[in-house]
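*Asks:* Structure below; questions to follow.
The values are calculated or read from the model by the stated rules, or taken from the named source; none is laboratory data. Not measured: the values here are computed from a predicted model. Cβ placement follows ideal geometry from the backbone for every residue including glycine, while neighbour counts extend to all protein chains displayed. Just so you know, the surface numbers come from the protein's heavy atoms only, side chains and all, with ligands and any DNA or RNA stripped out. Shrake-Rupley method; radii C 1.70, N 1.55, O 1.52, S 1.80 Å.
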Amino acid sequence: VLFHSTFATTSNISYASNYSWEIRDGKLKAKTTGENRLIFDNTKGTDYSISLAATYLSGSSSQSGYGIYYRATTDTQNISGYCFQFDPGSNKSFVLRKVTKGKEGAISYQTSMSVMGSSFNITAPHAIDISVVGDHHVIKVDGVTVMDFQDATFKEGSVGLREWNNTNALFSEATVTQIQ
């Protein structure tokens with residue numbers, strides 16, 4: 001295990017001074033609206049799995065959501081890597097973007113949240129699992145595979161989170177496990 005936290009504290013989490021995170025009621029959340037990024041310490045690797053428990057509570061209907069960085073650089077100001085996004089502001093979709101020097105690229109992969117079925121509640125807690133081995137990426141939400149693709153743009157890096165605009169989300173647990 002490279003990293004595990006139930007977010008009782010913000011120890012082992014790095015973020016730039018202009019980003020603002022806090023623990024509230026045992027959950028990690030951004031303190032302020034706007035762009036907020038962080039990196040989990042000691043998660044640099046090539047092949048690993050990520051398990052995250054998160055709840056999207058609210059945000060702008062056109063521009064809100066949260067993302068999970070992986071194979072990312074640790075410079076949160078100029079981060080580069082993959083970002084899987086729980087992105088209700090993008091036509092209620094799951095989105096994967098490549099980020100270079102802090103700037104998001106166009107959508108690389110997109111799956112409508114409708115794949116989760118008619119009973120999918122966007123504001124309920126959700127389990128997100130990401131596995132990346134070599135160039136093979138598999139991303140699941142609540143056990144349902146929402147993306148399965150090959151891409152070798154970023155070969156290694158760390159794991160982190162982001163929120164944007166007026167998103168209100170809570171993160172209750174995260175684990176990053178190296179795959180041998």
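*Asks:* Looking at the stretch 99-125, I want the residues that are in a strand (DSSP E or B) and have a partner that is open to solvent by 80 Å² or more (accessible area, probe 1.4 Å) and not polar (S, T, N, Q) with Cβ atoms under 8 Å, at least 6 apart or on another chain. Which pairs are those?
*Replies:* Listed by first residue and then by second, the contacts come to S112/K92.
*Asks:* Let me ask something else. Which ones in the stretch 43-67 are crowded, with 17+ Cβ neighbours inside 10 Å, over 16 Å from N12 (Cβ atoms) and of a type in the set (V, I, T)?
*Replies:* T55
*Asks:* Taking the conditions exactly as written (of a type outside the set (D, E), part of a strand (DSSP E or B), closer than 16 Å to I50 by Cβ and out of contact with any strand residue (DSSP E or B) (no Cβ under 6 Å at 6 or more places or on another chain)), does V132 satisfy them or not?
*Replies:* It is true that V132 is of a type outside the set (D, E), part of a strand (DSSP E or B), closer than 16 Å to I50 by Cβ and out of contact with any strand residue (DSSP E or B) (no Cβ under 6 Å at 6 or more places or on another chain).
Every residue, every condition in (1) modelled with pLDDT of 95 or more; (2) in contact with a helix residue (DSSP H, G or I) (Cβ under 8 Å, 6 or more places away or on another chain); (3) farther than 18 Å from H137 by Cα; (4) hydrophobic (A, V, I, L, M, F, W, C), yes or no:
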site: L57; (1), (2), (3), (4): no, no, yes, yes
site: G67; (1), (2), (3), (4): yes, no, no, no
site: D75; (1), (2), (3), (4): no, no, yes, no
site: C83; (1), (2), (3), (4): yes, no, no, yes
site: D87; (1), (2), (3), (4): no, no, yes, no
site: K92; (1), (2), (3), (4): no, yes, yes, no
site: G102; (1), (2), (3), (4): no, no, yes, no
site: S108; (1), (2), (3), (4): yes, no, no, no
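*Asks:* Scan the stretch 143-173 for residues that are charged (D, E, K, R) and either open to solvent by 70 Å² or more (accessible area, probe 1.4 Å) or part of a strand (DSSP E or B) (or both) and jot them down.
*Replies:* Residues satisfying the conditions are D148, K155, E156, R162, E163, E173.
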